[in-house]
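Data first, discussion second: the structure below is written as structure tokens.
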Amino acid sequence: MRHGVRRAAWLAWVRAAGFGVRPPPRGDMAEPGPGPSRAREAEPDPAGKEEAAAPAPKKRRLAGGERYVPPPRKLNAGVSFGAEHFAETSYYFEGGLRKVRPYYFDFRTYCKGRWVGRSLLHVFGTEFRAQPLAYYRAAARAGRLRLNEEPVRDLDIVLKNNDFLRNTVHRHEPPVTAQPIRILAEDEEVVVVDKPSSLPVHPCGRFRHNTVIFILGKEHGLRELHTLHRLDRMTSGVLMFAKTAAVSKRIDEQVRQRQLEKEYVCRVVGEFPEHEVVCEEPILVVSYKVGVCRVDPKGKPCQTLFQRLSYNGSSSVVRCLPRTGRTHQIRVHLQFLGHPIVNDPIYNMEAWGPDRGKGGKIGKTDEELLKALVEEHRSKQSLEVLGIGEEDLNSGGESKDCGNSGDGTKSAEAPAINGSSCPAEDEKDPERNDAAACPLNSDINLEMLDKDKELSLCENQDGQTGEKGWEEKDPLCVECRTSRRDPSPKELVMFLHALRYKGTDFEYCSSMPEWAMEDWEE
């Protein structure tokens, strides 16, 4: 009782004195936010009156031992990347390839609904199996795993709704062609480029700086671009971006109303029929992770028109007019017709059987087909051509959700906190897909790393992780200890090219690629 009287008297004195403060919190009161709050001194207003300090936010009463979770932060709206993102690392060129210097990168995500009530260790062990649990323990000891911006000390911690996870990794990107991105047209509304083969449109999976969006931002000063349509990583040709949200909305409406005409050109196996061919076979996605589709009655309806332009005795150049936009629509329809693209790394492989999938005849289950495709590329050391690595094959199940990127920008950046899974891009174009990641070398004894050593994350003055990782090998990074065969520039080209895009008030064309010339020979 005596304590209550003293407290009431103290509160009365505070109010009489006019202080805009609150009494000290009791032991069962938790301060919101990841760190201690700081009172801001009141500033006099222009009229000379002192303005009372803003009232402190209401404190939530927690049960004994309950862990406080800060409210979710508001993410940045929009689709742009800024200077701080472009400064993460730099390019260098070697053997006809554009390469990215390794750099440290934060994968960030909020706790997913299915993770609530599960321990962090259980989530890593069931959904991020690409790395052994020993890796995550070592990463936690090194201070690379953070929960609500606090270092994770115990992987047995149980996740709650709105938990914010951050995983810092040493990131390596696959090489792409060194061919430059050519600007076809630019005005106050749009930018139109001629995309080289092997470049993803935007960050996804293992690719971030080796993407059209980042190269345009870093080398051409073109930022805050809005993607109007997408092309498969291996497809070259006309690619459009809007400079404003209003232009993006206007052209996107033309896409939805199917007022946008798209014309492709490709080189296919054998003598394609001289007459116009229409293919309307439905297409089903077999694997988002590997990026494989096939004709199936349960698939989505679609239509492609084909017309032969030339034949050189062994292969044909074909004009393609997709009327719908399904994943790999042109490539899958050409395979079904028995004329796959000459150097298609998916649909012209022996894994599809002796007829290479002609007429939809495969003779394998989907699982058997995927295994055969992976083994065929693994034997040729060409998994990089698919844009995937061993880590993708060892990680969790399929997912369509690419989510928000770590910057709060809407993109196909993987939501996984180790960056090891990323499905195909959202469907806006009949030819696009990207995937992800890297393998683990089991000969690294992660348990023997110094438990007290804070491994350098090479932060710059702004707290951003940067490219100093290029100078030294990272003790936790498997890629630093893995020797890979670089793909040749020839392997990074597929004979499928977006030749022309036409809307109600615009039309953009690129030149015919060299391999599409009538007298071209392998």
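I need the peptides 173-184, 481-492, 373-384 ranked by packing, meaning the mean over residues of other C-beta atoms within 10 angstrom, with the highest value on top.
Working: 173-184: 18.9, 481-492: 14.2, 373-384: 15.7.
The densest-packed peptide leads the list: 173-184, 373-384, 481-492.
Compute the convex hull volume of the Cα atoms of the stretch 170-227, divide it by the residue count, and report the result per residue in Å³ as a whole number.
Working: hull volume 5.2 nm³, N = 58.
Considering the Cα atoms of the stretch 170-227, their hull volume per residue is 89 Å³.
With the contact rule set at Cα under 8 Å and sequence spacing of 6 or more, what percent relative contact order holds for the stretch 139-274?
On the way: 182 pairs, mean separation 23.1, N = 136.
Relative CO of the stretch 139-274 lands at 17 percent.
How high is the relative contact order of the stretch 225-277, in percent, counting Cα pairs under 8 Å that sit 6 or more residues apart? Kindly include the intermediate steps, with their values, before the conclusion.
Details: 28 pairs, mean separation 14.8, N = 53.
Taking the mean separation of contacting Cα pairs over the length of the stretch 225-277, I get 28 percent.
Here are some pairs, LYS243/LYS358; LYS74/LYS262; LYS262/LYS380; LYS218/LYS300; LYS218/LYS502; LYS289/LYS473; which of them have Cα atoms lying more than 31 Å apart in this structure? Intermediate values should be presented prior to the final figure.
Details: LYS243/LYS358 42 Å; LYS74/LYS262 38 Å; LYS262/LYS380 34 Å; LYS218/LYS300 38 Å; LYS218/LYS502 28 Å; LYS289/LYS473 29 Å.
As for pairs spanning more than 31 Å Cα to Cα, those are LYS243/LYS358; LYS74/LYS262; LYS262/LYS380; LYS218/LYS300.
Each label point is 7 Å from the Cα along the Cα-to-Cβ direction; what then is the distance between the points at VAL158 and LYS361, in nm?
For VAL158 paired with LYS361, the spin-label model returns 5.8 nm.
What accessible area per residue comes out for the stretch 220-353, rounded to a whole number of Å², with a 1.4 Å probe?
Values: 5060 Å² over 134 residues.
Heavy-atom accessible area per residue stands at 38 Å².
Give me the one-decimal nm value for the distance between modelled label points at GLU507 and GLU189, 7 Å along each residue's Cα-to-Cβ direction.
1.6 nm
Let me have the relative contact order for the stretch 227-313, percent, based on Cα pairs under 8 Å that are six or more residues apart. Could the numbers behind the result be given before it?
Details: 87 pairs, mean separation 19.1, N = 87.
Relative CO of the stretch 227-313 lands at 22 percent.
Identify, among THR304, TYR264, SER248, the residue whose Cα sits farthest towards the positive end of the charge dipole of the stretch 216-307, taking +1 on the Cβ of Lys and Arg and -1 on the Cβ of Asp and Glu, with the dipole about the Cα centre.
So the residue we want is SER248.
Please compute the Kirkwood hydrodynamic radius of the stretch 221-328 from all pairs of different C-alpha atoms, in Å with one decimal. Each step should come with its number before you reach the end.
Numbers: mean 1/r = 0.0620 Å⁻¹.
Taking every pair of different Cα atoms in the stretch 221-328, averaging 1/r and inverting gives 16.1 Å.
If Rh is defined by the Kirkwood formula over all Cα pairs and Rg also comes from Cα, what ratio Rg/Rh do you get for the stretch 67-192?
Rounded to two decimals, Rg/Rh equals 1.08.
Please report, as a whole percent, how much of the solvent-accessible surface of the stretch 184-291 comes from carbon and sulfur atoms (probe radius 1.4 Å).
Working: 1620 of 3770 Å².
The value for the stretch 184-291 is 43 percent carbon and sulfur by accessible area.
State the Cα centre-to-centre distance between the stretch 294-344 and the stretch 221-288 in whole Å.
14 Å
Highest mean first, how do 218-226, 324-332 rank when packing is the count of other Cβ atoms within 10 Å averaged over residues? Let's see the in-between values first.
Values: 218-226: 16.4, 324-332: 24.6.
Highest-to-lowest ranking by the protection proxy: 324-332, 218-226.
The values are calculated or read from the model by the stated rules, or taken from the named source; none is laboratory data. Just so it is clear, the structure is predicted and the values come from calculations on it, not from any experiment. Glycine also receives a Cβ, built like all others from the backbone with ideal geometry; neighbour counts cover every protein chain displayed. Areas reflect the complete protein model, heavy atoms only, side chains present, ligands, DNA and RNA absent. Shrake-Rupley method; radii C 1.70, N 1.55, O 1.52, S 1.80 Å.
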